[in-house]
Amino acid sequence: MKKVTKRVLSVVAVLVIIGLGVGYYFYWENEHFLTTDNAKVTATLYTVVPSASGKLEKLKITQGTAVKQDEIIARIDDGPALKAPVSGQVVKCDVVSGQTVSPATAVAVLADTAGAYVGANIEENNILKVQAGQEVSVKLDAYPGQTFSGHIAQVDQVTQSALKGNTTTLTTSGTYTKVVQLLPVKITLDDGLFLGNIIGTNATVKIRIK
C-alpha cells in the first residue's frame, strides 16, 4: 500500500513540475514576445492617372506586367505620356486602348515589388510594447516550415480605421460600441528575401519585446 501511495505521489509530483514548467514557459513567452497571425506580405501601391482628359492610346500594359520607373505605359491622344512612377508590377488595369479617360480615371495601379515587406496589425492594447528596431521572427505561408529573421522598420501612429475614415463616435443617443483598434507595423526581413512575387500572402510574426 505504501509503495502504491509513493508511486501516486511521485506521479502527482511529476505532473505538478510539468505543469509549473509549462506555465512558466507561457508566462516567459508572453513577457518577452508578442505573436500575431494578423499579418501579410504587402507593398506600397501607386495609382497612375492622366493629367488631362482624352482618348487613351498606345496602352502597353495589362494586369501582371512588369514595368520600370519612368517607363511610358500609355499616351493620351498621342499627347501627354503616362509613365510608371516606380519599378514594379501592374496589379490592376481596368482600361483599354481607345477608352476616354480623365484625371479621375485610374489607368493602372502599380506595386513597388522591390520594396515589398511584411505588414502586421497590432492591437491597441499592445502597441506601446512595439518599437522600431525590435527583432522579429517571421513565418510565411508561402514558405512552409521556414522561419525568417527581421526587424520592426516602422510603427504607424494612426489606426487603420482612422486612415479609412471609419472612426466611431458617440451617437445622439449616447450609445457607443467599442471596437479594438489595430495599428499597422512594417517589418523588414534581414536576409533580403524577395517578397514581390508573394504579395498578399499570409504571415505570422513573433516580435521580441524584451
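The values are calculated or read from the model by the stated rules, or taken from the named source; none is laboratory data. Computed from a prediction, not measured in an experiment: that's the story for all the values here. Ideal geometry is used to build each Cβ from the backbone, glycine not excepted, and the neighbour counts take in all protein chains shown.
Here are the numbers for the structure shown:
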{"item": "Residue match in the stretch 120-129 (condition: modelled with pLDDT of 95 or more, in contact with a Gly (Cβ under 7 Å, 6 or more places away or on another chain) and more than 17 Å from Ser51 (Cα to Cα))", "result": "no"}
{"item": "Selection status of Val118, of a type in the set (Val, Ile, Thr) and either free of Cβ contacts under 8 Å to residues at least 40 places away in the same chain or crowded, with 20+ Cβ neighbours inside 10 Å (or both)", "result": "yes"}
{"item": "Qualifying residue in the stretch 17-31 (condition: surrounded by 11 or more Cβ atoms within 10 Å (Cβ to Cβ), closer than 28 Å to Pro184 by Cβ and either among the β-branched types (Val, Ile, Thr) or at pLDDT 90 or above (or both))", "result": "no"}
{"item": "Residue within the stretch 141-160 that is surrounded by 15 or more Cβ atoms within 10 Å (Cβ to Cβ) and at pLDDT below 90 present", "result": "yes"}
{"item": "Matching residues in the stretch 82-115 - criterion: being surrounded by 15 or more Cβ atoms within 10 Å (Cβ to Cβ) and farther than 28 Å from Asn197 by Cβ", "result": "Val101, Thr105"}
{"item": "Number of positions in the stretch 80-101 that are touching a residue at least 40 places away in the same chain (Cβ under 8 Å) and within 22 Å of Thr113 (Cβ to Cβ)", "result": "4"}
{"item": "Those residues of the stretch 130-150 which are closer than 14 Å to Ala120 by Cβ, hydrophobic (A, V, I, L, M, F, W, C) and touching a residue at least 40 places away in the same chain (Cβ under 8 Å), in sequence order", "result": "Val130, Val136, Val138, Leu140, Phe148"}
